[in-house]
Amino acid sequence: MPEPFVKVTSAVISIPRANIDTDQICPARFLKITDKDGLADALFFDWRFTPDGARRVPPSFIDEPHNAGRQILIVGDNFGAGSSREHAPWALRAWGIRAIFSTSFADIFSGNALKNALLPVVVSAGRLAALQALIATNPDGRWTVDLEAQKVTLPDGDSFGFEIDPFARTMILAGTDEIGYVRSKLPAIEAWEAGHPARVDTRAGAAAR
Amino acid sequence: MAEKPRTLLEKIWDDHVVASDLGAPAILAIDLHLVHEVTSPQAFTGLRERGMKVRKPGQTVATADHSIPTLDPSIPIADELARKQLAQIEENCREFGIPFHGKGSPTRGIVHVIGPELGLTQPGMTIVCGDSHTATHGAFGALAFGIGTSEIEMVLATQTLLQRKPKTFKVEVSGRLQPGVGAKDIILALIARIGIGGGTGHVIEYTGDAIRALSMEERMTVCNMSIEGGARAGLIAPDETTFAYLKGRQFAPRGAAWDAAVTRWRKLPSDAGATYDRTIVIDGDKLEPMVTYGTNPGMGVPVTGRIPALADVEPGARDDLERALAYMGLEAGSSIAGRKLDVVFIGSCTNGRIEDMRAAASVLRGRKVAAGLRVLVVPGSQQVKKQAESEGLDEVFRSAGAEWRESGCSMCIAMNGDQLEPGEYGISTSNRNFQGRQGKGGRTFLASPLTAAASAVTGVVTDPRTMAATAAGPATKTSAVEVH
């Protein structure tokens with residue numbers, strides 16, 4: 001059961017790149033695990049290490065010393081494109097990231113992130129540019145992302161609202177699991193199934209083989 | 001009163017909404033859940049922790065494709081993690097009563113290849129899998145999309161998913177494809193046009209004469225890469241081509257049930273007058289073989305074209321382009337044809353079906369691959385492998401100097417030991433050219449099977465139209481028909 005999550009206050013890691021795909025966030029060779037252990041190390045691995053395994057010089061974004069321990073990420077357009085691997089939000093969460101700012105998120109990534117209480121905060125292109133400019137002038141300023149109030153507060157006290165799926169918001173604030181919600185609708189599911197016989201029986205072919 | 005005209009998506013959606021609380025996403029019934037070894041283990045662990053069973057094992061089916069080696073199956077799996085993961089899926093399927101098409105099974109293969117070939121994928125269904133290329137099954141007029149591991153657990157536990165209704169996006173491909181141009185070129189051209197985030201929030205429905213003329217396997221290639229344009233699903237309305245493909249397959253309905261199913265399926269195509277949130281038209285007559293030059297599938301150009309110069313792209317996209325070209329070791333403004341290759345990969349859920357094997361063989365028959373080039377041909381399933389071998393295609397590939405493997409995802413995702421080495425250039429019939437996708441430091445050109453096979457002969461990126469098929473006239477469509 002996830003823990004309830006309300007807000008995060010942290011300085012911000014900026015990765016001003018568009019179209020960061022899930023193969024960058026968590027390369028496929030780290031998908032051979034059968035649990036969720038060790039994924040923090042996999043985060044942005046190939047950006048951080050050369051093919052021989054040496055740490056890159058200068059260090060890649062999340063390895064920059066001043067970014068240690070930061071929980072908010074700001075990136076370019078269309079974050080999380082590509083594979084459906086939930087290992088991507090798992091790796092981000094394992095590293096400590098709780099909220100990501102972008103103009104857009106890939107659909108599957110966005111859904112996966114919300115299920116892990118990792119907030120995809122969508123802002124306009126103009127707002128994103130202003131936020132990146134703010135980081136340039138105040139790189140260590142702490143922002144607060146408040147899910148309950150759906151509000152971001154910047155170091156100078158300025159604030160703005162953001163949209164998030166209201167259902168996902170309720171689930172994350174309460175630390176509730178969606179499976180519990182759907183299980184409470186079992187009578188409706190069974191009623192639907194009574195009127196819609198299964199289209200296939202995947203076990204039927206076993207006898208025929 | 002006449003009903004409001006509906007799109008194919010809306011019909012499938014309406015048919016599967018179980019409940020819809022105010023403010024909450026709809027609970028959508030799932031007809032078929034496909035499972036593989038990589039994204040499912042944590043979902044089964046979750047089920048165990050809840051003390052739950054798989055609610056509908058008869059609507060669930062599993063295989064092993066991503067981390068499984070494509071070498072001789074009698075060779076023990078060297079990678080301990082992969083071995084453990086493959087043992088885990090087998091154990092999970094046994095414990096939860098899910099049919100498993102695993103190692104040694106004649107029906108094992110890439111999950112998106114076996115679903116259709118077994119006849120499990122049918123029009124009007126909702127189909128999900130923990131894999132973004134689930135979009136493939138949309139070729140049958142099924143709403144099929146990739147899900148994460150939490151959602152896998154949800155479907156295992158309830159046979160439903162919480163979903164917001166997506167927007168509709170009509171892509172009409174008009175006209176007729178020219179010889180040497182195929183399904184892969186359609187989808188690469190579309191993504192080059194809309195960008196890799198262009199379809200976000202939408203389900204694409206592909207229509208138009210050029211789509212209608214495609215075989216089922218070609219339609220699967222198109223729908224497969226919908227996700228590379230950001231659309232979670234792609235759809236093509238079912239028609240006679242669809243029914244002819246399905247009839248007689250192992251899990252397809254039979255007898256009276258078949259007739260009833262076809263009657264139902266005929267009602268699925270979008271109604272005249274149905275409206276879409278977005279529409280674009282692509283001129284199929286003008287398409288050329290496409291090749292990507294960059295590090296996402298939207299960075300593609302005709303094989304006769306040039307890599308964009310920085311001035312050719314929007315100011316906001318220049319950083320992306322510069323970084324991509326630096327990674328690829330390519331020069332802005334230079335030609336894509338003639339680029340030297342180290343590896344050719346023919347396979348994947350995008351282009352690993354029998355027609356793809358035939359298309360590649362039509363070029364390689366009687367020819368040799370270029371000296372020093374490594375060419376991997378990996379069938380999409382064991383059934384594709386068997387069919388190809390019965391047609392002698394394996395011999396065509398081996399004689400040409402290519403490797404002929406067991407089925408699997410292989411070098412598309414580079415989890416099983418099949419991979420590019422750092423700095424190597426590969427032309428690949430797969431779906432992603434992201435940095436490191438085919439092996440860390442590897443550099444990918446995405447293309448069709450015809451283009452990849454022609455390039456295998458020359459050792460450089462090559463326009464397949466410059467190379468006539470050796471056996472049966474010029475290499476034309478990616479279809480098998482001309483090659484027989």
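The residue list A:Phe160, A:Phe109, A:Phe101 contains one member that is in a strand (DSSP E or B), touching a residue at least 24 places away in the same chain (Cβ under 8 Å) and either within 17 Å of A:Ile25 (Cβ to Cβ) or in contact with a Gly (Cβ under 7 Å, 6 or more places away or on another chain) (or both), which is A:Phe101.
When segment B:9-37 is limited to residues that are farther than 17 Å from B:Phe96 by Cβ and within 21 Å of the chain's Cα centre (by Cα), the one that is nearest to the other protein chains (Cβ to nearest Cβ) turns out to be B:Asp31. Among the listed residues B:Ser67, B:Ser74, B:Ser20, B:Ser105, identify the single one that is surrounded by 24 or more Cβ atoms within 10 Å (Cβ to Cβ), among the polar types (S, T, N, Q) and on the phi < 0 side of the Ramachandran plot. So the residue among B:Ser67, B:Ser74, B:Ser20, B:Ser105 that is surrounded by 24 or more Cβ atoms within 10 Å (Cβ to Cβ), among the polar types (S, T, N, Q) and on the phi < 0 side of the Ramachandran plot is B:Ser67.
Residues that are within 9 Å of chain A (Cβ to nearest Cβ) and touching a residue at least 12 places away in the same chain (Cβ under 8 Å): does segment B:66-73 have at least one? Yes - at least one qualifying residue is present in segment B:66-73. Being farther than 24 Å from B:Thr158 by Cβ, assigned to a helix (DSSP H, G or I), touching a Lys or Arg at 6+ places or on another chain (Cβ under 7 Å) and within 11 Å of chain A (Cβ to nearest Cβ) holds for only one residue in B:Ala87, B:Ala82, and it is B:Ala82. In segment A:56-73, the residue that is surrounded by the fewest Cβ atoms within 10 Å (Cβ to Cβ) out of those that are closer than 25 Å to A:Ala28 by Cβ and among the aliphatic types (A, V, I, L, M) is A:Ile62.
Checking every residue in segment B:115-138 against the condition of being among the hydrophobic types (A, V, I, L, M, F, W, C), farther than 13 Å from B:Ala233 by Cα, in contact with a Gly (Cβ under 6 Å, 6 or more places away or on another chain) and crowded, with 24+ Cβ neighbours inside 10 Å gives zero matches. When A:Arg169, A:Arg199, A:Arg183 are checked against the criterion of being within 14 Å of chain B (Cβ to nearest Cβ), in contact (Cβ under 8 Å) with a residue 12 or more places away in the chain and of a type in the set (D, E, K, R), A:Arg169 stands alone in meeting it.
Residues checked against (1) buried (at least 18 other Cβ atoms within 10 Å of the Cβ); (2) more than 14 Å from chain A (Cβ to nearest Cβ); (3) farther than 25 Å from B:Met415 by Cα; (4) basic (Lys, Arg):
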{"residue": "B:Met299", "(1), (2), (3), (4)": "yes, no, no, no"}
{"residue": "B:Leu310", "(1), (2), (3), (4)": "no, yes, yes, no"}
{"residue": "B:Glu322", "(1), (2), (3), (4)": "no, no, yes, no"}
{"residue": "B:Glu331", "(1), (2), (3), (4)": "no, yes, yes, no"}
{"residue": "B:Gly366", "(1), (2), (3), (4)": "no, yes, yes, no"}
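Residue selection: B:Arg318 fails the criterion of being among the basic types (Lys, Arg) and touching a residue at least 12 places away in the same chain (Cβ under 8 Å). Given the structure, is B:Gly138 more than 9 Å from chain A (Cβ to nearest Cβ), within 20 Å of the chain's Cα centre (by Cα) and part of a loop (DSSP other than H, G, I, E, B)? When the stated conditions are applied, B:Gly138 does not pass them. Of the residues making up segment B:181-209, those that are surrounded by fewer than 24 Cβ atoms within 10 Å (Cβ to Cβ) and either of a type in the set (Asp, Glu) or outside any loop (DSSP other than H, G, I, E, B) (or both) are B:Ala189, B:Ala192, B:Arg193, B:Ile194, B:Thr207, B:Asp209.
The combined condition, being within 18 Å of A:Ile72 (Cβ to Cβ) and within 18 Å of the chain's Cα centre (by Cα), is not fulfilled by A:Ile135. Remark: B:Glu389 falls outside the filter, which requires a residue to be among the acidic types (Asp, Glu), over 18 Å from the mean Cα position of the chain (by Cα), part of a loop (DSSP other than H, G, I, E, B) and surrounded by fewer than 24 Cβ atoms within 10 Å (Cβ to Cβ).
Scanning segment A:192-206 for residues that are aliphatic (A, V, I, L, M), under 35 Å from the mean Cα position of the chain (by Cα) and either within 17 Å of B:Ile114 (Cα to Cα) or assigned to a helix (DSSP H, G or I) (or both) gives a single hit, A:Val200.
In segment B:166-180, the residue that is surrounded by the fewest Cβ atoms within 10 Å (Cβ to Cβ) out of those that are part of a loop (DSSP other than H, G, I, E, B) and either in contact with a helix residue (DSSP H, G or I) (Cβ under 6 Å, 6 or more places away or on another chain) or more than 14 Å from chain A (Cβ to nearest Cβ) (or both) is B:Arg176. Annotation: of all residues in segment A:74-125 being among the β-branched types (Val, Ile, Thr) and more than 8 Å from every other protein chain (Cβ to nearest Cβ), the one that is surrounded by the most Cβ atoms within 10 Å (Cβ to Cβ) is A:Ile100.
Bear in mind these aren't lab numbers, they're just calculated from the coordinates by the rules spelled out. Small disclaimer: the values here were computed from a predicted structure and weren't measured. Positions of Cβ are backbone-derived with ideal geometry, glycine not excepted, and every protein chain shown enters the neighbour counts.
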